[in-house]
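The structure under discussion appears below in the form of structure tokens.
The values are calculated or read from the model by the stated rules, or taken from the named source; none is laboratory data. None of the values given here were measured: they were computed from a predicted structure. Cβ coordinates were reconstructed from backbone atoms using ideal geometry, including for glycine residues, and neighbour counts include every protein chain displayed. Heavy atoms of the whole protein, side chains included, go into the accessibility calculation; ligands, DNA and RNA do not. Shrake-Rupley method; radii C 1.70, N 1.55, O 1.52, S 1.80 Å.
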Amino acid sequence: MLNQFVAKDIYANLYRISQQDKLPLDQRFALLQRIFSESFIDICKVEKIPFNNLYSRMAFVEHRHRLPRWLSSRLHSFRIYCKREKKEASEKQEAYEFGAGALIQLVKYLTQVDPPEDLLAVFPEDKSTIWYPNYKKNFRESVRATVLEIDPEKKLLKISSEISPSETLLVRYDIEEYNQEFSEQIELIETYIGLPCVIQLLKVKINDAEELEPRVFIIEPDLLIDITAISESFQPFEILPDFYILKKYLPYSAGIPLLVGNVANYFLDELLLDEDRAFKDLIKHIFQLQPLSLVSLSDEDVRELVQKAKIHFLVLKDMVKNGLPRADIDPKNISLEPTFFSSDHGIQGRLDLFYPNPDHPAMVELKSGKVYKPNTYGLARNHYTQTLLYDLLIKFTFNQKLKPTNYILYSQFAEAPLRFAPPAFNHQSQAMQVRNDIVFSEFRLSKLNQEENFAENNWIYQFTPTNYPKLKGFHQRDLQRFSKTLNDASAIEKNFFFHFSSFISREQLIAKIGVHGSERRQGQAALWLDNLQTKKDRFDILEDLHLALNESSQKEPFLHFERRSENRLSNFRKGDIVIFYQEPAVDESPLHYQLFKGTIISIEANKVVLRLRYKQFNPKVFETGTAWRAEHDIMDVSFTNLHKSLYNFLAADSKKKNLLLGITPPKVYHYPIKLEKPVDLSDHQYKVLQKALTSEDYFLLWGPPGTGKTSVLLRHLVNQLLQTETDDIMLLAYTNRAVDEMCEAIEKIGEHIRPSYLRIGSRYSTKENFVEQLLQVQL
């Protein structure tokens, strides 16, 4: 709630910008937008609730403080106007006065502090509203809303929605044979997420009582869940969304089936580039693509991998030459590995192949594994679910204008490898329920550190073999591993595990959906929630990029862009990962375009070079004739790897865990080391080096920048270890720049050192001096 001092401050700020006659209207309007947004942040400061955007804050304030309808209409009218990309100059002055007046009336209503007379002289009181589209029609495909209250007895939700933001609407759930299957999830929202909560209503009917009756509920739709995670929950005998959590923690399995899958994907990409490629030419390259996985295999395993790879190669070669054309798919006009997001369904995905022909659109998902318990279409249950979700994704992206034919390509079957996957709405609805369950799991994981969750009946303890009796094979094995590891841990180890897991999960939620009102915590959802001007104000967008050179089909797939925007300031630098897309039409979302992912290789005032994450052999993909934009990207795998590291900690032996937790102090050898003092070391540095060399477990050296930790002590430590030890040495740092500094330090040992070390990392984030030392270059 605003106090009188804040009210007077807002009044003063509004009056101040109204007197800035020399400022252009655009700048005064931008200042007003900022004051408007920050006022709602101040109103909500006492609430211990995370808000993802301005709309959710406004809906909460409207509900909590019972704002009159006319005032809500004015406030939302201004917010909606601000979101518009194209604003006519003739109406901007009116909108500016309208918005300032609405904010003055809000402050007065909440604080009972009258605005000064000189402010009212500039912005007179007015209770007019702007017209909204009437929601009272029989059907809407999609409605975004904020849930304010849940009435489990009447089976009603009280919502605020953008279709009629000035009034509270009612949503009916638990309708038999219509949306009943979502009832339990709706009643868990308050427990796992809390109110207010953003929700997307799909296929909405309006009944005679003017209540909304959606067929599908999408909870927290801005939290995009990867389609693969949802589809993998569909096992032959059970649907297991809980296994999403297990997969977060358990180590990756780099066995032959996974390697065969990666090799098959590589073959398909290369054959689409050149259908006449020979197996003997391609198979050699897999040792460069995945060296660390392949060196761990025995010779027998490598022979088995090569034999299996040849079967996939022959099937894929025939498919590119004959199978795809028979399905009316032109291999030369396919888009490889395209990414799509849907903020209606709360999902994201990367297809293997997409054929965007308007007359015969199609998508193909490549699968290298077996088909266990196939359905009537000859498809595995999880694979079929994956195509159904991709179907939703493509239809959302292209506004229902493209309705693709969906296929799964089983590359180990010579007979009928390409199989049709027809869409089925009931199954898609079921997949949306699983998606909501995964969202609940994410929020529950973020609260594992709460005190009540340390009880032995905590949700995380449910992952035991006895609770899943139908599961067999590796699923049962994974359950046993996780359950035993967790139960064998000590109280302090569990405490550390729960707290750190929660921290990682909260950081991931912020990275994905953000926190409204924080300058640095907008989240990935800002891609579609924020308008262009907001992104420009934060310097979080590269715009007006024009393609100058297209090398997307080369071994190193680069795109060279000219920067024509007058505003060259941006929060981007070399090495940043980005999402980029062609410039949308006015007031259109970036999500209604294919998204591309890449890395900034170089950025200058007039040009930007991006490296695509997946090369494209079809140049038409980028020949749109329009400008492009780029925004910051995140990688879910970064957070997943942190969870896996935590599990590795929990599964480690007690000695290691006690050392990491500080329960056991590190051991030190007490015999003196025979080490002649290097001439460039001070007496103190010499003692530190001796201590480090006599440490059995670990040695922690702290010092401010420039004290010689890397350039002096690290160099001497490595030199001594190379002379006295036979073990391999690994040097790690948090940043690429720090790794380069370590390379500089150890190269000062002497010219003989270069053949002794490898640099691990990306060549585009490595200093030019050390590119030759990179593992992939050496390979």
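Computed extension gain for Phe503 through Asn322, at 0.36 nm per residue and net of the alpha carbon distance, reaches 60.0 nm.
In debye, nearest 20: dipole of the stretch 198-281 around its Cα centre with unit charges on the Cβ of K, R (+) and D, E (-)?
Working: 7 positive and 16 negative charges, 62 e Å.
So the magnitude is around 300 debye.
Whole-Hz Karplus values for the stretch 639-650 come out as 6, 4, 5, 5, 4, 5, 5, 5, 5, 4, 4, 5 Hz, taken residue by residue from phi with 6.51 cos²θ - 1.76 cosθ + 1.60 and θ = phi - 60°; glycine and proline positions read x. What residue among Ile394, Gln685, Leu195 has its Cα farthest toward the positive end of the dipole of the chain, where the charges are +1 on Lys, Arg and -1 on Asp, Glu, each on the Cβ? About the Cα centre, the residue reaching furthest to the positive side is Gln685. Across the stretch 605-726, the volume of the C-alpha convex hull divided among the residues equals 270 Å³ per residue. Residue separation of Leu282 and Thr724 scaled by 0.36 nm, minus their Cα-Cα distance, works out to 154.9 nm of gained length. For the peptides 407-415, 463-471, 434-442, residues were scored by their other Cβ atoms within 10 Å and the scores averaged per peptide; the highest-first order is 434-442, 407-415, 463-471.
Note that the stretch 25-129 carries a Kirkwood radius of 14.3 Å, evaluated over its alpha carbons pair by pair.
Within the stretch 283-312, which residues have the backbone N less than 20 Å from the label spot 7 Å out from Ser765 along Cα→beta-carbon, could you tell me? Residues 289-293 fall inside that zone.
In terms of overall dimensions, the stretch 511-583 has a Cα radius of gyration and Dmax of 14.0, 43 angstrom.
Which order do the peptides 55-64, 748-757 take when ranked by the mean count of other beta-carbon atoms within 10 Å per residue, highest first? All intermediate terms of the calculation are to be shown ahead of the outcome.
Details: 55-64: 21.8, 748-757: 11.5.
Packing proxy ranking, top to bottom: 55-64, 748-757.
With a cut-off of at most 13 other beta carbons within 10 Å, and DSSP calling the residue loop, which GluC sites (Glu not before Pro) in the stretch 714-749 qualify? Please list them.
On the way: sites: Glu725, Glu741, Glu744, Glu747; in loops: Glu725.
The qualifying sites are Glu725.
Farthest towards the positive end of the charge dipole of the chain, among the residues Leu316, Pro214, Leu445, is the Cα of Leu316, using unit charges on the Cβ of Lys, Arg, Asp and Glu. In this structure, the pairs whose alpha-carbon distance is over 30 Å, taken from Lys367/Lys535; Lys321/Lys615; Lys403/Lys447; Lys205/Lys395, are Lys367/Lys535; Lys403/Lys447. The residue list Leu379, Thr485, Tyr461 was ranked by how far each Cα lies along the charge dipole of the chain toward its positive end, using unit charges on Cβ atoms, and Thr485 comes out on top.
Rank Leu402, Leu292, Leu701 by accessible area, highest first, at a 1.4 Å probe radius? Show your work: numbers first, answer last.
On the way: Leu402 20, Leu292 125, Leu701 70 Å².
Highest to lowest solvent-accessible surface, that is Leu292, Leu701, Leu402.
Here, the stretch 304-347 yields an orientationally averaged convex hull projection of 5.2 nm² when only Cα atoms define the hull. Note on the stretch 516-613: with neighbouring protein chains present and a 1.4 Å probe, carbon and sulfur make up 43 percent of its accessible heavy-atom surface.
The listed peptides 240-247, 213-220, 620-627, ordered by packing as a protection proxy, come out as 213-220, 240-247, 620-627 (highest mean of other Cβ atoms within 10 Å first). Pairwise Cα distances in the stretch 255-350 exceed 15 Å for 65 percent of all pairs.
Once both labels are positioned 7 Å from their Cα atoms along Cα-to-Cβ, the gap between Arg69 and Tyr372 label points is 5.8 nm. Plainly put, the stretch 723-779 has a radius of gyration that is 0.94 times its Kirkwood radius, both from alpha-carbon atoms, as the Rg/Rh ratio. Here, P(r) means the percent of Cα pairs in each 10 Å bin from 0 to the largest distance; for the stretch 30-69 it is 28, 57, 16. Size check on the stretch 348-443: the Cα extents along the three principal axes, sorted descending, read 44, 34, 22 Å. Our summary of shape: the Cα atoms of the stretch 398-485 have principal axis extents of 50, 36, 19 Å, ordered from largest down, in whole angstrom. Taken over the stretch 460-558, the ratio of Cα radius of gyration to 2.2 N^0.38 Å equals 1.80. Placing +1 on the Cβ of every Lys and Arg and -1 on the Cβ of every Asp and Glu, with no other charges, gives the chain a dipole of roughly 800 debye about its Cα centre. Placing a pseudo-label 7 Å from each Cα along the Cα-to-Cβ vector at Asn3 and Lys401 gives an inter-label distance of 5.4 nm. Could you work out the local net charge near Lys403, counting Lys and Arg as +1, Asp and Glu as -1, over the other residues with Cβ closer than 10 Å to its Cβ? That works out to +1. For the stretch 203-308, the fraction of C-alpha pairs more than 25 angstrom apart is 52%.
A 1.4 Å probe run over the protein chains yields, for the chain, 49 Å² of accessible area per residue, whole-number rounding.
What is the extension gain from Arg84 to Ser695, computed as 0.36 nm multiplied by their sequence separation minus the C-alpha to C-alpha distance, in nm to one decimal?
Working: separation 611, 0.36 × 611 = 219.96 nm, distance 6.29 nm.
Length gained, Arg84 through Ser695: 213.7 nm.
Be a star and scan the stretch 375-414 for residues whose amide nitrogen sits under 18 Å from the point 7 Å along the Cα-to-Cβ vector of Gln290. The answer is 410-413. Between the stretch 8-26 and the stretch 573-612, the C-alpha centres lie 36 angstrom from each other. Mind jotting down the distance between the C-alpha centroids of the stretch 287-346 and the stretch 672-748, whole Å? Taking the Cα centre of the stretch 287-346 as reference, the centre of the stretch 672-748 is 45 Å away. When the helices of the chain are scored as -39500 (n - 2.57) per DSSP H run of n ≥ 4 and the total is divided over every residue, the value at 222 nm lands at -12500 deg cm²/dmol. Along the Cα→Cβ direction, 7 angstrom out, place labels at His427 and Ile256. What is the inter-label distance in nm? In this crude spin-label approximation the distance works out to 3.1 nm.
Among the listed options [x] 46, 36, 30; [y] 55, 41, 20; [z] 42, 32, 25, the one matching semi-axes √(5λ) of the Cα gyration tensor in Å as calculated from these coordinates is [x].
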